[in-house]
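Before any comments, here is the structure.
All of the numbers you see were taken from the coordinates with simple rules; none came from a lab. Not measured: the values here are computed from a predicted model. Cβ: placed from backbone, ideal geometry, glycine included. Neighbour counts: every protein chain shown.
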Amino acid sequence: MLVGVCDFPGSYAFPPAGYGGIERWLWAVAVGARAAGADVHLLGPGWLTDLENDWVRRPVRLEDITAGSLAERELRDTGYDLLVVGHEYPSLPAWTRKWNELDCDVATFQHSPVFQHADAAFDGRRSRLYCYSPEMIERYTEHQPITELAVHLGLDEEEPSAVAGSDLVWLGRIDEEKAPHLAVRAAQILGRRIRVVGPVFDEAYVRRHERLFSADHVKWIGELGGPAKTAAIRDASVFVYTYARTYVEAGAAVFGESLRAGTPIAALTWREGTCAEAALCDRTGVVTVADPAEDDETAAELLAVAIEQTKDLNHKEVQETGMHRFDPARHFTAMSTRSC
């Protein structure tokens, strides 16, 4: 099988060293495809030039190809079996016109809870949309979505053997939607230290919760990538997952990242059928569902209980389960197989 993994215009490299959800997912698909025995071409100028030593890198985007050009003929003659793209592309007319001229499938993963697709973007066979959770499946049901857990990888983030770890860790973009202040308060309730890892996306949000974020039990780490990011997760006793009441998590990378590192997860959610419930089981974490009408203090207390319930899980078993559930080759094989 010949697979083209397509980049898109953005501010992060492909693959990114730290933050970057869809970019990390596309890299995981490329790695998984190769591990599953497929030939892989990295399509688009965004892929790091260093990859040319080990990968076929073609810096061309379908939507930029001129009709009748040599690039168009070369694309058609290459004979791709599958193109993997960001979720916007099957609804982008300039891209789909070129794809429709090729005899290949297209697959994508829904990384946004609000993006509106074209009516005919997916047929469930030749063009396929994958969604993480029952909540996301319901939101995109008219596009015949297929349930699948997303896998995300960054450069040099191979996981060493699991250890029991110490302290708590929260990782993600720091803003209102991700609500890390709830994790910080839960840690405070328990008298535990917590490391906050990630880029600040909303300075005003941080200022609103300055009293919590500046407390002695909080250590600000900043954005990490590569081995340092993996170590920050692996060396924790529990990964604490939070988000805001009205936010819908489309396909969080942190579940796979934490479980593959061997760190169990205590997750706070506000309804049933979320990504947390799709990703976790009783061997890998605890999900607590809070009433959105409750205040932050009550939610943090519930999360604190979940942390206590999570801390005694076996880190080695967590890692073994995570490596299987979030295996890139398994993920690619699922996405590359047409349903009957």
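Observations
- Annotation for segment 123-191: trypsin sites (Lys or Arg not before Pro) lying in DSSP loop with at most 16 further Cβ atoms inside 10 Å of their Cβ are ARG125, ARG126, ARG173.
- Around the Cα centre of segment 2-155, unit charges on the Cβ atoms of Lys, Arg, Asp and Glu (plus for the first two, minus for the last two) sum to a dipole of about 40 debye.
- Estimated from helices alone, the mean residue ellipticity of the chain at 222 nm is -9500 deg cm²/dmol (sum of -39500 (n - 2.57) over DSSP H runs with n ≥ 4, per residue).
- For the chain, built as a Gaussian network whose Cα springs stay under 10 Å, the top-fluctuating residue of GLU88, GLU210, GLU320: GLU210
- Taking the Cα centre of the chain as origin and assigning +1 to Lys and Arg Cβ atoms and -1 to Asp and Glu Cβ atoms, the resulting dipole is close to 300 debye.
- Percent antiparallel among DSSP beta bridges (both partners in segment 2-155, rounded to 5): 0 percent
- Segment 2-155 - percent relative contact order, Cα under 8 Å, separation 6 or more: 24 percent
- Global geometry of segment 2-155, whether rounded, prolate or oblate, following the gyration tensor of its Cα atoms and the 1.5 cut on a/c: oblate
- Relative exposure of VAL289, VAL318, judged by other C-beta atoms within 10 Å (fewest first): VAL289, VAL318
- When only alpha carbons are used to place a centre, segment 247-324 and segment 103-154 end up 23 Å from one another.
- Under 5 Å between amide hydrogens, built in the peptide plane, is the criterion, and for GLY285 it picks out ILE265 among residues at least 5 positions away or on other chains.
- Remark: spin-label model distance ASP202-ASP77 equals 5.2 nm, labels positioned 7 Å along the Cα→Cβ axis.
- Just so you know, the averaged projected area of the alpha carbon convex hull for the chain sits at 16.9 nm².
- The string of couplings for segment 48-56 from the Karplus curve (6.51, -1.76, 1.60, θ = phi - 60°) is 4, 5, 4, 5, 4, 5, 10, 10, 7 Hz, one whole number per residue in order, with x for Gly and Pro.
- Rg and Dmax over the alpha-carbon atoms of segment 168-323 stand at 14.1, 40 Å.
- Shape of segment 270-310, Cα gyration tensor, a/c cut at 1.5: oblate
- Cα-based reach from LYS316 at 17 Å (exclusive), listing aspartates and glutamates while leaving out same-chain residues under 8 positions away: GLU158, GLU159, ASP235, GLU257, ASP282, ASP327
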